[in-house]
Amino acid sequence: MKTSALSKLGQRTEAPPISWLMQLTLEHPQLISLAAGFTDNESLPVAETRELLNEILGSPKGRRSALQYGTTAGDPHLRRLTADRLLKLDSAGGTSFSASARKISDRALDVRLAPRLIPGAARKFYSPERMLITSGSQQLLYMLTECLCDPGDIVLVEDPTYFVYLGIVQSHGFCCRGIRLEADGIDLSHLEQTLEALRRRGELKRVKMLYLVSYSQNPTGITTSFVKKAAALATLKRFERAAGHPIYLLEDAAYRELRFAGHDVASALAAEGADERVVYTGTYSKPFATGVRVGFGILPKPLLTVVLRVKANHDFGTSNLLQQLLRHALASCRYERHLTELRRRYARKAATMTRAMREHFPADVRWQEPEGGLYVWARCPKPVKSGVHSRLFQSALRHDVLYVPGELCYGNDPTRRKPNGEMRISFGGVTETDIRAGITRLGATLRELL
Ligand SMILES: Cc1ncc(COP(=O)(O)O)c(C=O)c1O
């Protein structure tokens, strides 16, 4: 048989890098993987989960419903707790501004005040009715993008961005335009230029959304200021008339609760006009347990309706038992206690990693001290390449250490070449001993090449 039975999507979907990175780790047990986005293994809440499950299954009222199918949108109590938590976070946030964000001056002054208005003006945006619970936030990212884009449509992404998201884009035949990053989030003038160039070429109708990983970004660790999120939203709005449809801002806040230094920043939900255009996704995987995989999102009503239909076709609801677990963890303060401990551990691990980098890396490798999340983004000096086929990557493998080549985090944007001299290194899942050993090996590899 010459023709394949596979659909276009089936034929087009490339092997996701995450699969072969994991495969490499399995094939080389002696390898120290600084590549995996795993969370801290030792502090996974084993005892808490046991207690919670005992409570749930011991409750005459709740035990049967926890083991029964739930609704597509998710447990109403968990949605309420999640919505309230978000409102609380956003009401308190929004006051941390970097120097470059302050330069946006006049416009910034208005939006800087916005978070304080939330309790009165925009409480209804944080409503459980606008929220759904998903099987990890990854499922929501997938469904949303699928609901908004057709093959050939353009997704605006940060340059670089979360590489698993790029897999969704590639697989569906969507295109990307990368928006450059600055220390406090996307470069707003580059966003404007990109949209303007697409408008001039009559391609704006293909643009449906801007995807931002706005807190301790995967892979760079950058947090986008509230000012930038509000300004990006306003920019997207200005191009909507020419596009002929809404352009959404998809804010992926996967690492929001893993901040261990500095201040939280209000989400784009707190910006003017957010109720109709901002989609906010979050997860309980990272702050509680990655094995539990419960995610959530707040969506504009029309989009929520469609995503719920798609989710009904996917799985008609996230595991009820896991939702009950999170609900009880949140309600009993065990979640909060665990998070406090996690932040302390990640702060220590991050410090261990950057201390080792200062000691073992050549002086001209550059990085920012992380303030949250799981990653350090390191830039090699020219002409060192870090890609999958580079001498550095191959030599690192020979030294039994693995990192994520930076090139994997750049979408296929035809308007620029992919940078190829960066590495994403994670301090999340590895022990401090392995962090030190892994960085020593990576440092030795770099020194050999330089
Ligand atoms: C930026 C980002 N978004 C979303 C996810 C998906 O997480 P989950 O599906 O576990 O909620 C991840 C996982 O690593 C991530 O790094």
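The values are calculated or read from the model by the stated rules, or taken from the named source; none is laboratory data. For clarity, every value in this text was computed on a predicted model and none was experimentally measured. Don't worry about glycine lacking a Cβ; one is built from the backbone with ideal geometry, like all the others, and counts go over all protein chains shown. Quick note on the areas: whole protein, heavy atoms, side chains included, nothing else; ligands and nucleic acids left out. Shrake-Rupley method; radii C 1.70, N 1.55, O 1.52, S 1.80 Å.
In this structure the amide hydrogen of V404, modeled in the peptide plane, comes within under 5 Å of the amide hydrogens of R424, none closer than 5 places in sequence on its chain. DSSP beta bridges confined to the chain are antiparallel in about 50 percent of cases.
What the phi angles of the range 244-255 give under the Karplus curve with 6.51, -1.76 and 1.60, with θ = phi - 60°, is a coupling list of x, 7, x, 10, 8, 9, 9, 9, 9, 9, 3, 9 Hz, glycine and proline written as x.
Suppose accessible area is computed on protein heavy atoms with a 1.4 Å probe; arrange C149, C333, C175 from highest to lowest. Mind dumping the intermediate values first?
Working: C149 10, C333 75, C175 40 Å².
Order by accessible area, largest first: C333, C175, C149.
With the simple model of a label 7 Å out from the Cα in the direction of the Cβ, R398 to A234 spans 5.5 nm.
Considering all C-alpha pairs of the chain, those separated by over 44 Å amount to 10%.
Karplus-derived 3J(HN,Hα) values for the range 357-374, using 6.51 cos²θ - 1.76 cosθ + 1.60 with θ = phi - 60°, are 5, 4, 6, 10, 7, x, 4, 8, 8, 10, 7, 9, 5, x, 10, x, x, 10 Hz; glycine and proline are entered as x. Of the trypsin sites (Lys or Arg not before Pro) found in the range 1-31, those in coil by DSSP whose Cβ has at most 11 other Cβ atoms within 10 Å are K2. Across the range 133-240 the C-alpha pair distances fall into 5 Å bins from zero in the proportions 2, 12, 23, 23, 22, 14, 3, 0 percent.
Simple spin-label estimate for T415 and L450 gives 3.3 nm between the two label positions (7 Å along the Cα-to-Cβ direction from each Cα).
Here the 3J(HN,Hα) profile of the range 52-64, calculated from phi with Karplus coefficients 6.51, -1.76 and 1.60 at θ = phi - 60°, is 5, 5, 4, 4, 5, 7, x, 7, x, 6, x, 5, 6 Hz, Gly and Pro shown as x.
When Rg and the Kirkwood Rh are both derived from Cα coordinates, the Rg/Rh ratio for the range 340-418 amounts to 1.01. Rolling a 1.4 Å probe across all protein chains gives H172 an accessible area of roughly 10 Å².
Restricting attention to the range 1-75, which GluC sites (Glu not before Pro) occupy a DSSP loop and are surrounded by at most 16 other Cβ atoms within 10 Å?
Numbers: sites: E14, E27, E42, E48, E51, E55; in loops: E14, E42.
Hits after loop and neighbour filter: E14, E42.
Which aspartates and glutamates does K301 reach when only Cα atoms under 12 Å apart count, and residues fewer than 8 places away in its own chain are ignored? The reachable aspartates and glutamates, counting only those whose Cα sits under 12 Å from K301, are E129, D275, E276. Annotation: amide H of I154 within the under-5 Å range of C175, V207, K208, sequence separation 5 or more or interchain, hydrogens built in the peptide plane.
Close amide H partners of G295, meaning residues 5 or more places away or on another chain with modelled amide H under 5 Å apart, are T134, S135, G136, S137, Y284. By accessible area, using a 1.4 Å probe on protein heavy atoms only, the chain has 54% of its surface on carbon and sulfur.
Could you calculate the contour length gain from Q30 to E14, that is, 0.36 nm times the residue separation minus the distance between their Cα atoms, to one decimal place in nm?
3.0 nm
Using helices alone, what [θ] at 222 nm do you get for the chain, with -39,500 (n - 2.57) per DSSP H run of 4 or more residues, divided over all residues and rounded to the nearest 500? So the calculated ellipticity at 222 nm is -14000 deg cm²/dmol.
Per residue, the chain exposes 44 Å² of solvent-accessible protein surface, assessed with a 1.4 angstrom probe and all protein chains in place. Legend: residue pairs K228/K385; K8/K205; K124/K208; K311/K418; K124/K349; K124/K311, Cα-Cα distance threshold 29 Å; pairs beyond threshold, K228/K385; K311/K418; K124/K349. FRET efficiency for the pair R199 and H77, taken as 1/(1 + (r/R0)^6) with r the Cβ-Cβ distance and R0 = 35 Å, rounds to 0.15.
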